[in-house]
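The values are calculated or read from the model by the stated rules, or taken from the named source; none is laboratory data. Just so we're clear, the structure is a prediction, and the values are computed from it rather than from any experiment. Note that each Cβ is placed from the backbone with ideal geometry, even for glycine, and that neighbours are counted across all protein chains shown.
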Amino acid sequence: MKHAASMIVDKDFIISTIDNRLYGSFIEHLGRAVYGGIYEPGHPQADENGFRQDVMKMIQTLQVPIIRYPGGNFVSGYDWKDGVGPKQLRPRRLELAWRTIEPNQFGMNEFVDWSRQAGTDVMWAINLGTQGVEDARQIVEYANHPSGSYWSDLRVSHGYKQPHAIKTWCLGNEMDGPWQIGQKTAVEYGRIAYESAKVMKLVDPTIELVACGSSSREMPTYPEWEATVLDHTYEQVEFLSLHSYYGNPENDTATFLGRSLQMEDFIKSVTATCDYIKAKKRSKKTMMLSFDEWNVWFHSNDADKKLEPWQIAPPQLEDLYTMEDALVVGCLLIALLKHSDRVRMACLAQLVNVIAPIMTENGGQAWAQTIFYPYMHASVHGRGKALVPLVQSPKYDAKGITDIPYLESIAVFNEEANEVTVFAVNRDLANPLPLEVDLRSFGQCRVIEHIVLENPDLKAANDAANPNRVAPHAGGNAAADGSKVTATLSKASWNVIRLSLN
Ligand code: AHR
C-alpha cells in the first residue's frame with residue numbers, strides 16, 4: 001500500500017453540532033493551581049483581587065468555555081463554607097486528599113469573580129465524600145437563589161447581590177476510588193447522588209447535573225458501577241462522567257500515540273452502558289457524557305512521592321510536557337470530537353501548574369507548555385459541526401493496540417465563519433504522510449493557513465528558561481485545488497489546516 005492517507009468530508013454527514021463545553025478545563029485546590037497559579041496577591045501582574053493577569057490572558061487566549069472547580073479529590077473533604085465570608089475569619093485546614101494545608105483565601109465567590117473575568121462558566125463539584133444531601137441543598141441555595149432565605153441572604157451579605165447562576169454541577173468526584181475521602185459502593189453513591197440531585201433541583205430546577213462514572217476504565221467495578229449508578233439516578237441527571245489519564249513510562253512512543261483509540265473504546269462502552277439503562281427504564285431521555293478529566297499524566301509521579309506533607313501550595317503534579325505529549329493530546333482532542341454527539345462536555349485536567357497547559361513561577365513568569373497549542377487550536381478553531389471523517393490510512397500495530405492509523409483526523413465546519421478546519425496528527429515517527437482531503441460538497445476552498453506543531457526531538461519541552469522551544473509555525477504546505485486539499489504532514493506532527501469557503 002502506498003504510504004499516503006486520504007479523507008472525505010461532506011457537509012451533510014454531520015456527527016453533531018459541537019457543544020462548546022467540549023473544550024472545558026479544570027482547576028483544583030491542588031499544588032500551585034490556585035495559589036501561585038491563578039491567584040497570587042503581590043505578584044507584579046496581579047490585579048487588586050490577586051488574580052494574575054499574565055495567566056488570565058493566556059486562559060482568555062484559550063477561550064475556555066467552562067472550568068470544573070474546586071476538585072477533584074480535594075472536594076471530597078472540602079467544606080465550601082470555609083471559603084466564603086471575610087478572609088481573615090476563614091480557617092486553615094488539613095487537606096487530606098493531597099496532604100497539604102488549605103488556607104481558604106480563595107473560594108466560591110473569588111472563583112466566580114475570576115471566571116467572569118476569564119470569560120468562562122463554572123462547573124461546580126459538590127462534596128459527596130464527607131457531606132451529603134443537606135449540604136447539597138445549602139450550596140445551591142447560597143449560589144443560585146436570588147435572596148430572602150438564610151443561605152441566599154448570606155451570599156448577599158458577603159457582597160454578592162446577584163445570584164451566581166451556576167448551571168452545571170458535579171455530584172461528587174470519583175466516588176468509586178479507594179483513595180477518595182468517603183469512598184462509596186455504587187449503591188451507596190447512587191442513593192446519595194439521587195437524593196442530592198433531587199434537593200438541588202428543588203432549589204433550582206434549571207441546573208444540569210453530572211453523576212460520577214468510574215474513575216477510570218481500569219477500575220475493577222467498571223462498567224457495573226455505571227449501570228448501578230444510572231439505575232438510581234437516570235431521570236435526575238443529564239450527564240455521566242468519564243476520567244482517563246495516559247502516560248508513557250515505558251518510553252514506547254508508538255503505543256503512547258495509539259492511546260486515543262482506547263479513549264474511543266472507553267467512550268463507546270460507557271455510551272452502550274447508558275443506553276442499556278435507557279432501554280431498561282423505557283426512558284425517552286438519552287444520557288450525555290462529561291469527559292471531565294482527561295490528559296497525559298505521568299512525568300511528575302516520582303517527584304510527588306518525595307514531597308513533604310502539610311505545606312501550602314507545594315509543587316504537585318507538575319508534569320513538564322514534551323512534543324510527543326502534545327501529539328497525544330491532539331489525538332485525544334480528535335477522539336472527543338469524533339464522539340461529540342454523546343460527549344457534550346470535557347475538561348482538560350488541569351489548567352494551571354497541575355498537569356496543565358499553563359505553567360508559572362511564583363513571583364515570576366508564565367509560559368505555555370507544548371500541550372497548550374493543540375488545546376488552543378481545537379478550542380479556537382473547532383467550533384461548529386463535527387463532520388464524519390471517512391479516512392483511508394496505512395496502519396501499524398503497537399504493544400496491546402493494533403490497527404493504529406498513521407493519520408488521526410477530523411474536520412469541523414463553522415457555518416458562521418464559512419470555514420472548515422481540518423485537524424490532523426501524523427503518528428508516523430519516521431516518515432512524512434501525504435494527505436488528500438476531498439471536500440466534495442463544499443465547492444471551492446482556499447487555504448487560510450496550515451499551522452504545524454513539530455520538533456525533531458520528541459522529548460523537547462518548554463520551560464522557564466526556554467518557554468518557546470516547542471511552538472507552532474504556519475509553514476505547512478497545504479494547497480487547495482477546487483474542493484481537493486493536499487498537504488504533506490511532517491513526521492510526528494500536529495496540523496491545523498484552515499480553509500475558507502468564500
Ligand atoms: O486531576 C488530578 C486528580 O486526578 C483529581 O483530583 C482526581 O479526580 C483524579 O484522580
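Selection of strands (runs of 3 or more DSSP E) fully inside segment 1-72 by the criterion of at least 3 residues being surrounded by fewer than 22 Cβ atoms within 10 Å (Cβ to Cβ) returns 14-17. Mind checking which residues of segment 471-502 are under 18 Å from A424 (Cα atoms) and of a type in the set (A, V, I, L, M)? The answer is A471, A474, A478, A479, A480, V485, A487, L489, A492, V496, I497, L499.
Restricted to strands (runs of 3 or more DSSP E) entirely inside segment 305-369, those with at least 2 residues that are within 15 Å of the ligand (Cβ to nearest atom) are 343-349. Just the residues that are part of a loop (DSSP other than H, G, I, E, B) and exposed (fewer than 15 other Cβ atoms within 10 Å of the Cβ), please, taken from segment 374-408. Once the filter is applied, which keeps residues that are part of a loop (DSSP other than H, G, I, E, B) and exposed (fewer than 15 other Cβ atoms within 10 Å of the Cβ), segment 374-408 yields K399, G400. Within segment 252-276, residues that are farther than 19 Å from L337 by Cβ sit with their Cβ atoms under 6 Å from residues that are of a type in the set (A, V, I, L, M, F, W, C) and in a loop (DSSP other than H, G, I, E, B), at 6+ positions apart or across chains, in these pairs: C274/M287.
For segment 315-341, the set of residues classified as surrounded by 24 or more Cβ atoms within 10 Å (Cβ to Cβ) and of a type in the set (S, T, N, Q) consists of T322 only. Restricting the search to helices (runs of 4 or more DSSP H) fully inside segment 132-206 and requiring at least 1 residues that are within 24 Å of the chain's Cα centre (by Cα) gives 133-144, 186-203. Comparison of Y234, Y246 shows that the only residue that is at pLDDT 95 or above and within 16 Å of the ligand (Cβ to nearest atom) is Y246.
Taken over segment 73-123, the criterion of being away from the ligand (no atom under 16 Å from the Cβ) and of a type in the set (D, E) is satisfied by D79, D82, E110, D113, D121. Across segment 6-27, the number of residues qualifying as among the small types (G, A, S), more than 16 Å from the ligand (Cβ to nearest atom) and closer than 24 Å to Y375 by Cβ comes to 1.
Scanning segment 270-293 for residues that are within 16 Å of the ligand (Cβ to nearest atom) and either aromatic (F, W, Y) or farther than 19 Å from N173 by Cα (or both) gives a single hit, F291.
Only residues that are outside any strand (DSSP E or B) and buried (at least 19 other Cβ atoms within 10 Å of the Cβ) were counted across segment 92-111, and they come to 9. Away from the ligand (no atom under 16 Å from the Cβ) and over 23 Å from S196 (Cα atoms): does that describe Q162? When the stated conditions are applied, Q162 passes them.
Hey, does segment 275-282 have a residue that's modelled with pLDDT of 95 or more, crowded, with 16+ Cβ neighbours inside 10 Å and closer than 30 Å to K201 by Cα? The answer is yes, given that some residue of segment 275-282 is modelled with pLDDT of 95 or more, crowded, with 16+ Cβ neighbours inside 10 Å and closer than 30 Å to K201 by Cα.
Selection of strands (runs of 3 or more DSSP E) fully inside segment 420-502 by the criterion of at least 2 residues being closer than 18 Å to G330 by Cα returns 433-438, 446-453, 484-489, 493-500. Of all the criteria given as (1) touching a helix residue (DSSP H, G or I) at 6+ places or on another chain (Cβ under 8 Å); (2) in a loop (DSSP other than H, G, I, E, B), the one not satisfied by V412 is (2).
Okay, residues lined up against (1) within 16 Å of the ligand (Cβ to nearest atom); (2) surrounded by fewer than 19 Cβ atoms within 10 Å (Cβ to Cβ); (3) of a type in the set (D, E):
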position: Y142; (1), (2), (3): no, no, no
position: P146; (1), (2), (3): no, yes, no
position: S157; (1), (2), (3): no, yes, no
position: K167; (1), (2), (3): no, yes, no
position: E188; (1), (2), (3): no, yes, yes
